[in-house]
Amino acid sequence: MILLVLGLGIFIYWKYAFTYSSGNRFGLLQKFSEKGTLFKTYEGELILSSVRGNLNVPIASEKFYFSVKDKDVAQQLMNLQGHNVTVHYHEKNGTLPWRGETRYLVDSVKVQ
């Protein structure tokens with residue numbers, strides 16, 4: 001019984017608390033909003049452009065979806081939509097409904 005409880009505890013820690021990776025992403029903050037039915041969470045969308053054409057227009061790009069837990073960081077991001085920003089994130093192995101929709105949790109932002 002003790003091994004079962006210990007194994008379950010280790011699994012829960014690995015799935016929801018362990019940081020799988022962390023780093024920075026740079027891009028255009030396209031969308032940021034507070035959403036949810038039961039749990040309101042802050043969700044954002046960053047456009048990461050890899051190739052730019054004439055007039056500095058992104059040609060090839062991908063989207064980076066992320067969640068924010070800290071209300072101060074969320075307020076900063078609300079005011080920065082349409083700007084190029086660098087966000088620092090931690091990637092978890094799983095999501096929790098009150099923590100956000102994505103595995104990427106942003107904890108700071110810098111304007112570029």
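The values are calculated or read from the model by the stated rules, or taken from the named source; none is laboratory data. The shown structure was predicted, so the numbers you read here are calculated from the model rather than taken from an experiment. Virtual Cβ from ideal backbone geometry, glycine too; neighbours counted across all protein chains shown.
Among the residues of the stretch 87-111 satisfying the criterion of being of a type in the set (Val, Ile, Thr) and under 12 Å from the mean Cα position of the chain (by Cα), which is surrounded by the most Cβ atoms within 10 Å (Cβ to Cβ)? Show your work before the answer.
As a first pass, look at the stretch 87-111 and keep what is of a type in the set (Val, Ile, Thr): 87, 95, 102, 106, 109, 111.
Filter once more, so that each one left must be under 12 Å from the mean Cα position of the chain (by Cα): 87, 95, 102, 106, 109.
Working: Val87: 24, Thr95: 17, Thr102: 19, Val106: 26, Val109: 18.
The extreme case among them is Val106.
Among Ser50, Ser67, which is the only one that is assigned to a strand (DSSP E or B), at pLDDT below 95 and of a type outside the set (A, V, I, L, M)?
Only one candidate qualifies: Ser50.
Would you pick out the residues in the stretch 102-112 that are at pLDDT 95 or above and assigned to a loop (DSSP other than H, G, I, E, B)?
Matches in the stretch 102-112: Thr102, Arg103.
Determine, yes or no, whether Val87 is at pLDDT 90 or above and not acidic (Asp, Glu).
Yes; evaluated as a whole, the condition is true for this residue.
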